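Working notes, beginning with the structure itself.
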Amino acid sequence: MKSIFGGVEEDFAHSRATWYAVMKEVAAKEGFEVKGEAKWLLNDTNFTNQAREARRAAADIMVISAHPFTTCGMLKEMARQGVAPKLLVGLTSSSSLETLQGCAKEAEAIIIPTSFAPVTPEAQAAADNAAKFNGSLDLHSAAAYENVMILKQVIESEGIMAKPDTLQDDRNKIRAGLAKLQQTTGLLGVTKRTPDREAIKPFLFVHAKAGKWEVLHNPLN
Amino acid sequence: MLDVQDIVTSYGKIEALKGVTLNAAEGRITCLLGPNGAGKTTLMYSVAGVLKPRRGTIKLAGDDITGQSPAAIVARGLALVPENRLVFPQMSVAENLDAGAYQRRDSAEVAVDIERMYTRFPRLKERRAQLAGTLSGGEQQMLAVARALMSRPRILLMDEPSLGLAPLIVEEIFRIVGELNKDGVTIFLVEQNVHMALKVAHHFYLMEQGRVTFSGEPGKLAEDEVIQRAYLGTSREKR
Amino acid sequence: MDFYLGLLQIMGVHTLLGLSAYVVLQTGQVSLAQAGFMAIGAYVAAMLTVLAGWPLIAALVVASLVAGITACLVGFPALRVHGLMLVVATIAFTEIVRLFFFNFDYQISRGNLQVGPLGGEGFRQIRYFPENGWTTLHVAVFIWTVVALVMAALWWMDRSRAGAVLRAVGEDEIAAQSCGINLTAVKVSAMTAGGAIAGIAGGLYAHYTTHIEQSNFTILLATFAIAYPILGGLSSVFGTVAAVIFIQGFLVEGLRFLGDWRNLLFGALIVLVMNIRPSGLLDARTMASLRRLFGRKEG
Amino acid sequence: MLLVDLAQSILDGVLFGATYALIGIGFTLVFGVMHKINMAYAAASVGGAYAALRLITLIGGPAWASLLIAAAVGGLFGLFIYWLCFRFIPLSNPLATLMSTVGMFLLAEEIIVHTTDGMPQNYPVVVGGILHLGEFMIRGDLVFVFACAILAMLILLYLLYRTKLGTATRAVSQQPIAAQLVGIRINQVNALTFVVTGMLGGFAGALIGSAVGLLSPLLVVPLTIKGLIVTVIGGLGSIPGAIIAGLLVGMAENVFQYFRGVTERDIYVMLLLFIFLVFRPGGIFSTTVKRD
């Protein structure tokens, strides 16, 4: 596999950054031939031009950096036009149930790097819990879950009183407690922090298989 | 035929009719005269059901129709030719007549009636395919009358049929009113053209500021006096 | 406390937005261009303080002028059409403005930071308030001072000949014209005033949120702009304020405890209000009885 | 190659415009009859499609059946909207019904989000297939949408000009007082208009869902805007106008996208619309400008 082509949701900063600032640059550095990108907007419904650009590019790898709604729209149009790259890669936030609800058939075999899949006992338990209340645990809600758990840990370790007269004190304690954290335990394992407080989370690769997300590669193991 | 008892109709807080009582006898032509703003059109709309009176009763051939919907009142045999004619401008003459027979289910008879209308109003026949909005005022008036007749009313209400028409056409309209009446249609007419109205009417009423102020046969008052009373505001002087 | 001050800021800016639509609605025109004027005000004011280092008030005045002039220029062609066509023409305008800023890059270096609008990424770092030591309270008071000034101006205008002229055009254009009123001049003036007010709203908005982007200024925002005066009633400026309190205070914040259901109620309550008070929460009759209540004569 | 791409792009745009045409017909009909804007129309249409999709996955059945279910549900929604947003509000106050339908729009959109967690839903293909004409590709489903728009137009024109209901509908729209005086029940006729346009809307919503391949709350706002644009470009109340306008807008989108890219596409579409409105306010089929 030598060449790569992108598909970007132009009016969403996250989608743009992932393609232009990360994938496109790294791909070029790693010796792939970058064949450009097709662009669309967040709530577009017509992808005829874009799919044709992808067909003309005829790249081995197609990267779609977009939300599930347009990811699905683009995939469906690609299917109509018979565009079939050897490898299909999606944006991390599309590794959710939404994509499968929208276009399980067309998304079959798409590979997405993600920060969550129920692969550890803790993660499985959390996912089961969410399912009990008609929820689905994906990378967004899992991150929220982890954040709440971090807060819980800090509250317990710092002895937060939660009385009206300790309010200011409690706030300071939580702030200090959070600042102290060097690493936390998430659903997939340990999350480390860089000196400027960016999180380095464990991640894995999932792919869509028969309407479900399946772990394709787990760098943790 | 039509029996109006003490009706009051208001727009918001303003009473346009302050207790009007009058009567249109079967087979006759009854005429209501009065100046602008006296409440004549309000009365017509109240009788036809477009406006709902606050008080009083309206009876049609003995049946109480007060507050009924216009559709129900048309079904009972009352049709109103409204002020300013109000034809359906984007429909052809033929379609306007069809619309007039909206409640009727006897389509064969309706077709016969449409032909009758064309005989009575030859101008309409000439212009049957033309859009009503493009007709002249007189033609529109004839169309409005024909449209009202399509429901086969027992009583026909006409609100200022001569409004804005040339004298010759006014003559024509009143000739038709007379003919219709001879064919057995009871007619209740609102007019400002006192001369023409008194010529055809069997009975007339004077109305001022929401009240009936006079009732009688033509000839009971001289035409001048009617005009004096109706349009020069005698009641205002009395006050 | 900060939460309520923040809410006050939002309500202040939305009141201004609603008032900008109120002026135009007085002439019987439904304009969905107010979000576009607000966007212009927001970007102009923020560029002046962030890129040119202007003081806020000067920036607001210029933002208001630019938005007002734009409204005037757009008003001439747009107000040739009425009703639904004006609605759609002004939708087009708001979208054009939004998409213009979507494609608009103008960044300069300040220290080690790139500042200025950057297309789809928006315009970050509008830090006039924190840099000049304004607290949330200062900002809230400042916003409401502006609101009070604009309301006073409109209230005075409503009672003057100008207000009567606007209403005359709103009620019956043909009659107004036959009284010698120049329809185009009246409508374009109202549009200009509305644009200027929306421009101020935008300028204030940009500075209290510190980050603006094209997706803030959508048709939905324009719809809210006309929703305030229509829901509140067009008989006085107080209707708009009442509607902002009803929507932002009651529907958005007050019903938060309902969770997900709040959003459902939101639309349903608007439908309900229009059914029971088709002329708005504070319609002419309510305003009259309120005036009597406060012992003032009908004016 | 370039010319072929441009031609294909225009073709795709025109075909996709059929979806705009279909939604535009309903907007224009309500406007033509009641002289009122129903802002909730597209939202209710998409809602009808959602309900149909739910039902069809629940009880099973062929994909085309969802179109019929959507039409039935859409008709019901139309009646609801009439009762909640028009029936008891004085029609002399255009702002009040504008606002009540905006409220209904927000409500409908929120119900959709509420029941589906805002997730896009796969919509099955009703009519599939691609026609290959030499170098060109034509989407079968969009041809079907176009055919449906034409069929809907013919049915509506038949209803309007050849039936008693149609006569009544036109009578009410042209002269409501006279309509009452000939015995037409205005409320009944208006309610029926909403049912008929609602059915068309549900059908259109399902068909658009099928053409896009997805249902999502994200469809609602763009469809509403497209519906309004198509109504005014086509000439208020003109059904053939709405169809032509829909195809034109679809084409304009793709052409501008081809030449100016996706981020500038809509600027030019909107600019064109603005110019069109100001200099030809009567729409393509310029008739007398009606009151609103």
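The values are calculated or read from the model by the stated rules, or taken from the named source; none is laboratory data. Since the model is a prediction, treat every value here as computed from it, not as a measurement. All Cβ positions, glycine included, derive from the backbone under ideal geometry; neighbour counts span all protein chains shown. Note: accessible area is taken over every heavy atom of the protein model, side chains too, but ligands, DNA and RNA are not part of it. Shrake-Rupley method; radii C 1.70, N 1.55, O 1.52, S 1.80 Å.
Which cysteines does the protein assembly as shown leave without a neighbouring Cys Cβ under 4.7 Å?
Here B:Cys31, C:Cys72, C:Cys179, D:Cys85, D:Cys148 come out as lacking a disulfide-compatible partner, given the Cβ-Cβ threshold of under 4.7 Å.
How shielded is D:259-266 by partner chains, expressed as the average number of their Cβ atoms within 10 Å of its Cβ atoms?
Mean shielding by partner chains, rounded to a whole number: 5.
Per DSSP H run of at least 4 residues, take -39500 (n - 2.57); add these up for chain D, divide by its residues and hand me the 222 nm value, nearest 500 deg cm²/dmol.
Theoretical 222 nm ellipticity from helices: -25500 deg cm²/dmol.
Would any residue of region B:120-158 have its amide N under 13 Å from a label point 7 Å out along Cα→Cβ of B:Arg104? List them or say none.
In region B:120-158, the label zone of B:Arg104 (backbone N under 13 Å from the point 7 Å along Cα→Cβ) covers B:146-154.
Output the Kirkwood hydrodynamic radius of region D:2-279, Cα pairs only, in Å rounded to one decimal.
Across region D:2-279, the inverse of the average 1/r is 19.1 Å.
So which residue, out of B:Gln141, B:Gln130, B:Gln90, gets the largest mean-square fluctuation from a GNM of chain B using Cα contacts under 10 Å as springs?
B:Gln90
Kindly express, to the nearest 10 degrees and within the range 0 to 90, the angle between helix D:140-162's C-alpha long axis and the longest C-alpha principal axis of chain D.
The two axes meet at around 20 degrees.
To the nearest 0.05, how large is the calculated FRET efficiency for D:Phe136 and C:Gln114 if R₀ is 45 Å and r is the Cβ-Cβ distance?
E between D:Phe136 and C:Gln114, to the nearest 0.05, is 0.50.
Specify the angular offset, from 0 to 90 degrees and rounded to the nearest 10, of the alpha carbon long axis of helix D:220-233 from the longest principal axis of the alpha carbons in chain D.
Here the helix axis deviates by roughly 70 degrees.
Could you look at region C:210-299 and say what percent of its accessible area is carbon and sulfur, using a 1.4 Å probe and all protein chains?
Roughly 64 percent, rounded to a whole number.
Rounded, prolate or oblate: pick one for region A:121-200, where a ≥ b ≥ c are the square roots of the eigenvalues of its C-alpha gyration tensor, a/c under 1.5 means rounded, and failing that, prolate if a/b is larger than b/c, else oblate. Walk me through the intermediate numbers first.
Details: a/c = 2.75, a/b = 1.45, b/c = 1.90.
The shape class here is oblate.
What does region C:2-217 give for Rg and for Dmax, in Å, if only its C-alpha atoms count?
17.9, 63
Measure out, as a whole number of angstrom, how far apart the alpha-carbon centroids of region C:113-129 and region D:22-94 sit.
42
Using only the alpha-carbon atoms, how far is helix C:261-276 inclined from the longest principal axis of chain C? Give it as 0 to 90 degrees, nearest 10.
Result, in degrees: 30.
Just the accessible area per residue of region A:121-200, please: how many Å² with a 1.4 Å probe?
69
How would you classify region D:1-58 from its alpha-carbon gyration tensor, with a ≥ b ≥ c the square roots of the eigenvalues: rounded for a/c under 1.5, else prolate if a/b is greater than b/c, otherwise oblate?
Details: a/c = 4.52, a/b = 1.48, b/c = 3.06.
It comes out oblate by the Cα gyration axes.
So, counting K/R as plus one and D/E as minus one, what does the shell of residues with Cβ under 11 Å around B:Lys199 add up to?
-2
By per-residue mean of other Cβ atoms within 10 Å, what is the highest-first order of A:63-75, B:153-165, D:115-127?
Output ranking for A:63-75, B:153-165, D:115-127: A:63-75, B:153-165, D:115-127.
Per residue of B:65-76, how many C-beta atoms from partner chains lie within 10 Å of its own C-beta, taken as a mean?
3
Can you order the peptides A:182-192, D:167-177 by their average number of other Cβ atoms within 10 Å per residue, highest first?
Ranking, from highest mean packing down: D:167-177, A:182-192.
Counting Lys and Arg as +1 and Asp and Glu as -1, what is the net charge of the other residues whose Cβ lies under 12 Å from the Cβ of B:Asp64?
That sum, taken over residues with Cβ under 12 Å, equals 0.
Report the antiparallel proportion of the DSSP beta bridges in the protein assembly as shown as a percent, rounded to a multiple of 5.
60
Once every Cα of region B:36-113 carries one equal point scatterer and solvent is ignored, give the base-10 log of I(q)/I(0) from the Debye formula at q = 0.13, 0.14, 0.25 Å⁻¹, two decimals.
For region B:36-113 at q = 0.13, 0.14, 0.25 Å⁻¹, log10 I(q)/I(0) is -0.50, -0.57, -1.21.
What FRET efficiency comes out for the pair C:Leu183/A:Arg56, r = Cβ-Cβ distance, R0 = 41 Å, nearest 0.05?
It comes to 0.15.
Nearest 100 Å², what total accessible surface is buried between chain B and chain D (probe 1.4 Å)?
Working: alone 11220 and 14500 Å², together 23860 Å².
The summed interface area works out to 1900 Å².
Give the shape of chain B as rounded, prolate or oblate, defined through the alpha-carbon gyration tensor: a ≥ b ≥ c are the square roots of its eigenvalues, a/c under 1.5 means rounded, and otherwise the shape is prolate if a/b is larger than b/c and oblate if not.
Prolate shape, in that a/c is at least 1.5 and a/b is the bigger ratio.
Could you sort out which of B:Lys59/B:Lys182; A:Lys29/A:Lys76; A:Lys105/A:Lys209; B:Lys59/B:Lys220; A:Lys2/A:Lys29 sit more than 20 Å apart by Cα distance in this structure?
Over 20 Å apart, Cα to Cα: B:Lys59/B:Lys182; A:Lys29/A:Lys76; B:Lys59/B:Lys220.
So what are the ³J(HN,Hα) numbers for region C:40-52, from phi and the Karplus equation (6.51, -1.76, 1.60; θ = phi - 60°), rounded to whole Hz, Gly and Pro as x?
Per-residue couplings from phi come out as 4, x, 5, 5, 5, 4, 5, 5, 5, 6, 7, 8, 9 Hz.
In region C:139-161, which residues have a backbone nitrogen under 19 Å from the label point lying 7 Å from C:Phe294's Cα in the Cα-to-Cβ direction?
C:144-160
Please figure out what share of the DSSP beta bridges in chain A is antiparallel and state it in percent, rounded to the nearest 5.
So the antiparallel bridges in chain A amount to around 45 percent.
At 7 Å along the Cα-to-beta-carbon direction for both D:Leu154 and B:Arg116, put a label point, then send me their distance in nm to one decimal.
A separation of 3.9 nm, rounded to one decimal place.
Could you tell me the calculated FRET efficiency between D:Ala147 and D:Phe279, based on Cβ-Cβ distance and R0 = 45 angstrom, to the nearest 0.05?
According to the calculation, E is roughly 0.85.
Compare each residue of region B:137-157 in its chain alone against the assembly with all protein chains, and report those whose accessible area goes down by 20 Å² or more; 1.4 Å probe, heavy atoms.
Buried-area filter returns B:Arg147.
Would you tell me the mean number of C-beta atoms belonging to other protein chains that fall within 10 Å of each C-beta in D:6-18, as a whole number?
2
Once you keep just the Cα pairs under 8 angstrom separated by 6 or more residues, what percentage relative contact order results for region C:129-274?
15
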